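Coordinate-derived values only; no laboratory data. In this text the structure is predicted, and so the values were computed from the model without any measurement. A quick note on method: Cβ atoms are made from the backbone with ideal geometry, for glycine too, and the neighbour counts reach across all protein chains shown.
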Amino acid sequence: MSTLFLALVITAAQIILGLSMLCAAYRMLRGPRAQDRVLGLDALYLGAMLLLVTYGVQTGRTLYYEAALAIGLLGFAGTVALSKFLMRGEVIE
């Protein structure tokens with residue numbers, strides 16, 4: 001019973017994460033300002049990272065955790081660089 005419940009909860013979480021990624025993609029594409037687009041991109045990479053983690057839990061493979069870690073690191077660096085560019089107009093001082 002608990003294995004079936006876990007499988008249902010993971011599938012529901014993946015569906016909800018997919019819907020949140022659609023909303024984030026909409027915000028990224030239709031955002032009225034550049035800050036909204038950066039926020040949409042940040043939410044999109046976070047959703048992709050969490051989707052990989054749930055898929056790793058579902059399959060039991062550790063490769064998905066490593067891919068999620070790489071997406072998280074690159075996404076954070078990209079968000080910081082874009083935020084710094086929007087605030088100051090340059091990334092490297």
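Shown in residue order for region 69-83 are the 3J(HN,Hα) couplings computed by the Karplus curve 6.51 cos²θ - 1.76 cosθ + 1.60 at θ = phi - 60°: 5, 5, 5, x, 5, 5, x, 5, 4, x, 5, 5, 5, 5, 5 Hz (x for Gly and Pro). Charge tally around residue 38: other residues with Cβ under 13 Å, Lys/Arg +1 each, Asp/Glu -1 each, net +2.
If only the Cβ of Lys and Arg carry +1 and only the Cβ of Asp and Glu carry -1, the dipole of the chain around its Cα centre is close to 220 debye.
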